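For reference, the structure is listed below as structure tokens.
Taken together, the values in this text are just the output of simple stated rules run on the coordinates, not laboratory data. Computed from a predicted model, the values in this text were never measured in an experiment. Positions of Cβ are generated from backbone atoms using ideal geometry, with glycine treated the same way; all protein chains shown enter the neighbour counts.
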Amino acid sequence: MSIFSDNIRFLRGKKEKTQQELANTLKLTRSRYVSYEDGRSEPPIEILIKISKFFNLSIDLLVSVDIRKYPLEDILKLPDNRIVLPVVVDQLGNNSIEIVPQKASMGYLSGYSDPEYIESLQRITLPFLTNGKYRAFPAQGDSMPPFKDGSYIIGKYVENIDDLKPNKSYVFVTLNDGISYKRFTSKNKKSITVAADNSFYQPYDIPLGEIVEIWQYASGIFPEDFEAVSFENYDVKDMFSELKNNIKELENKVFNLKNKTR
């Protein structure tokens, strides 16, 4: 059995259709349709398109996401069936910041849409990161100083690719490259262009169809042996500015809380 076969079996049940009725709708023999539902064969693209249109769900969702784990009515309301972002909240209903493991970062590609996987991740909370949904990703390599192996980048979830801002840093989760942290430079109809802060690396394009998630840089977690010298020769003005704003926001919240308790 596959995710696709499980999905079409589940969706057929929701529509209260028999296998023969659905086969007739798709202009297939019952035995051929049953082979798809049992996972014994895979449909060609023209049949995938028919099934996608019949259930009003994108092919991406049909073949890659176990939709039994989500309220179907919520999925159908999403623009282009955009995948639901699983979140974890604490006892007070506040969003937690999930930490993607350093050694298992590639596993995030297969688990990013699975609520059980997200719930299994370690979590932290930061008082100055409360508006929006945040997640921490491991840094790798030397392309985006001051981040290096052992440090983490905390990103704020970006719902719409049109919200990307030039010269801002983002964590891009893509089908081919996995997790990468780069600076967004431009966008066209088919791709976006990103660049590293380390000039040794050349800018490159990411096809829009390969992008799974985008998280805008919000804060960082550095190892104990972090050396401030790593900042030299790199433009970190944006990072310090955002950190200053976060501290100011926290001070305002503490001030308001004290006034309420008086």
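For ASN176 and ASP149, a Förster radius of 22 Å and the Cβ-Cβ distance give a FRET efficiency of 0.55, rounded to the nearest 0.05. Amide H to amide H distances under 5 Å link THR130 with no residue, where only residues 5 or more positions off or on other chains count and H is placed in the peptide plane.
Calculated FRET efficiency, ASN198 to THR25, Cβ-Cβ distance, R0 = 45 Å: about 0.25 to the nearest 0.05. With a ≥ b ≥ c the root eigenvalues of the C-alpha gyration tensor of the stretch 99-193, is it rounded (a/c under 1.5), prolate (a/b larger than b/c) or oblate? Since a/c stays below 1.5, the shape of the stretch 99-193 is classed as rounded.
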